[in-house]
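Notes to accompany the following structure.
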Amino acid sequence: GMSFNKETILLTVDVDLKNAVWTPVGQTGATQFKGTFDGQGKTISNLNIDATAQTGANCSSGLFGWLNAATVKNVNIAGATVKGNHNVGVIAGYLETAGCTIEACQVTGASVECHVANSDANGDKCGVIVGHAGNAGVVVKDCTAANSTVTAGRDAGQIAGAAKEANVTGCSATNVTVTAN
């Protein structure tokens, strides 16, 4: 698939996905997204992802799955349901490399679930904004999560499931319930 390497994609209108099944953009290391997605303040509503059938350790789920030196910014997501087994978030599942940035994104009314499938996909790294933001030099800034739930096996959080403290700045969560074993 196309990685959109160094390309910029602009969202110019609000989009209602009507709960149709969505396949994350760049779901694995083999298909990772390498561009810039600028939502320009528009809203994507009724995002529906169910990646629970995918049990590999590298499968990541969200509007975007696996980001590599990519940026996702200025997008609002309302009413998302995102289910997976590893690296699960509404905006993105996994931020791999320095330069990966999620900025000024808002998520409201989301249900995020990370199930235990096996020892590779063990219900870990699950958050409203991003699943895994623990690598050096990745950035999650000025994002908000509201009126949402996160359910996971472990490594779960309101903004990020797993992250280095320095990687997450200026974010806030309101009325977000996290449940993890």
Item to check | Interchain or long-range residues, amide H under 5 Å from Asp155's placed H | outcome: Lys125
Checklist entry - Considering amide H positions built from the backbone, and no H for Pro or chain starts, which residues 5 or more places from Val176, or on another chain, come under 5 Å of its amide H? => result Asn147, Ser148
Next on the checklist: Residue by residue through segment 15-26, what is 3J(HN,Hα) from phi via Karplus (6.51 cos²θ - 1.76 cosθ + 1.60, θ = phi - 60°)? Round to whole Hz and write x for glycine and proline.
Outcome noted: 10, 9, 7, 6, 6, 5, 5, 10, 9, x, 6, x
Checklist outcome for this item: Percent relative contact order for the chain, counting Cα pairs under 8 Å at least six residues apart, stands at 17 percent
Checklist outcome for this item: Over all viewing directions the Cα convex hull of segment 59-166 casts an average projected area in nm² of 5.4 nm²
Checklist entry - Size of the dipole of segment 49-126 about the Cα centre, Lys and Arg at +1 and Asp and Glu at -1 on the beta carbon, nothing else charged, in debye to 20? => result 140 debye
Checklist entry - What accessible area per residue comes out for segment 1-145, rounded to a whole number of Å², with a 1.4 Å probe? => result 38 Å²
Checklist entry - Roughly how many percent of the accessible protein surface of the chain is carbon and sulfur, given a 1.4 Å probe and a whole-percent answer? => result 47 percent
Checklist entry - Pairs Lys18/Lys83; Lys6/Lys125; Lys6/Lys83: which are spaced more than 19 Å apart, C-alpha to C-alpha? => result Lys6/Lys125; Lys6/Lys83
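Could you please report the charge total around Gly134, scoring K, R as +1 and D, E as -1 over all other residues with beta-carbon less than 13 angstrom from its beta-carbon?
Cβ neighbours under 13 Å give a net charge of -2.
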Item to check | Rounded to whole Hz, the Karplus (6.51, -1.76, 1.60) HN-Hα couplings of segment 76-82, x for glycine and proline | outcome: 10, 10, 10, x, 8, 10, 10
Checklist outcome for this item: Per 10 angstrom bin, beginning at 0 and ending with the bin that holds the maximum distance, the Cα pairs of the chain fall in percents of 12, 45, 37, 5, 0
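The values are calculated or read from the model by the stated rules, or taken from the named source; none is laboratory data. Nothing here was measured: the structure is a model prediction, and the numbers come from that model. Glycine gets a Cβ as well: all are built from the backbone with ideal geometry, and neighbour counts include every protein chain shown. Each accessible area value is taken on the protein alone, full model and side chains, heavy atoms only, with ligands, DNA and RNA left out. Shrake-Rupley method; radii C 1.70, N 1.55, O 1.52, S 1.80 Å.
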